[in-house]
Amino acid sequence: MKHLLVALCLCFVAGGAHAEIAQKFGPIQIHYNALTTDTLLPEVARTYKIERSKTRGLVTMSVLRQNSVGALAPLPARLTVYVTNLSQQLAQVPMREIREGTAIYYLGEFRVAPPDTLKFTATVEIEGEPVREIVFSQKFYK
């Protein structure tokens, strides 16, 4: 399954307009991305039970901690994600945790009506750490 995560990440790069982004909070890194599901490889969409469509979006997130030698290790977290469109309509994005071997990442699906710019607000809770909030926007094209 880890190979499918690599394929998922590669399709982000192949899409061109959607690159993975990270925010750092000391040794904690939160990686995130948002894209329309029609850009997913069919095999990836089937495996994760995601409908491929220009009007369906996918937000991916992972939480990592950097150790003293610089290696990153995944952390379990509780994520609460909201999305707001240009019309100021707010919706919660249900996130599901995926564990494959030592990898932990989170996927959430939402509706999108391109062209639009969506604003994402995510609260990240990690045991023993302060709550972090990240805000990012993503443009979606027809």
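Filter region 39-61 down to the residues that are touching a Cys at 6+ places or on another chain (Cβ under 9 Å) and in a helix (DSSP H, G or I) and list them by number.
Filtering region 39-61 down to residues touching a Cys at 6+ places or on another chain (Cβ under 9 Å) leaves 39-41, 44, 60.
If the condition is that a residue be touching a Cys at 6+ places or on another chain (Cβ under 9 Å) and in a helix (DSSP H, G or I), then Thr39, Val44 are the ones that fit.
Out of Val59, Val81, Val124, I need the residue that is among the β-branched types (Val, Ile, Thr), within 16 Å of Gln138 (Cβ to Cβ), touching a residue at least 60 places away in the same chain (Cβ under 8 Å) and surrounded by 15 or more Cβ atoms within 10 Å (Cβ to Cβ). Which one?
Values: Val81 fails: touching a residue at least 60 places away in the same chain (Cβ under 8 Å); Val124 fails: within 16 Å of Gln138 (Cβ to Cβ).
The conditions single out Val59.
Note on region 113-142: residues that are over 14 Å from Ala34 (Cβ atoms), in a strand (DSSP E or B) and among the β-branched types (Val, Ile, Thr) total 2. When region 62-78 is filtered for residues that are crowded, with 16+ Cβ neighbours inside 10 Å, small (Gly, Ala, Ser) and part of a loop (DSSP other than H, G, I, E, B), only Ala77 remains.
Quick check: is even one residue across region 97-110 touching a residue at least 12 places away in the same chain (Cβ under 8 Å), in a loop (DSSP other than H, G, I, E, B) and surrounded by 14 or more Cβ atoms within 10 Å (Cβ to Cβ)? No; the residues of region 97-110 include none that is touching a residue at least 12 places away in the same chain (Cβ under 8 Å), in a loop (DSSP other than H, G, I, E, B) and surrounded by 14 or more Cβ atoms within 10 Å (Cβ to Cβ).
Read-outs throughout are calculated quantities, based only on the coordinates presented, and are distinct from any laboratory measurement. Remember, it's a predicted structure, so these values are computed and weren't measured experimentally. Cβ coordinates were reconstructed from backbone atoms using ideal geometry, including for glycine residues, and neighbour counts include every protein chain displayed.
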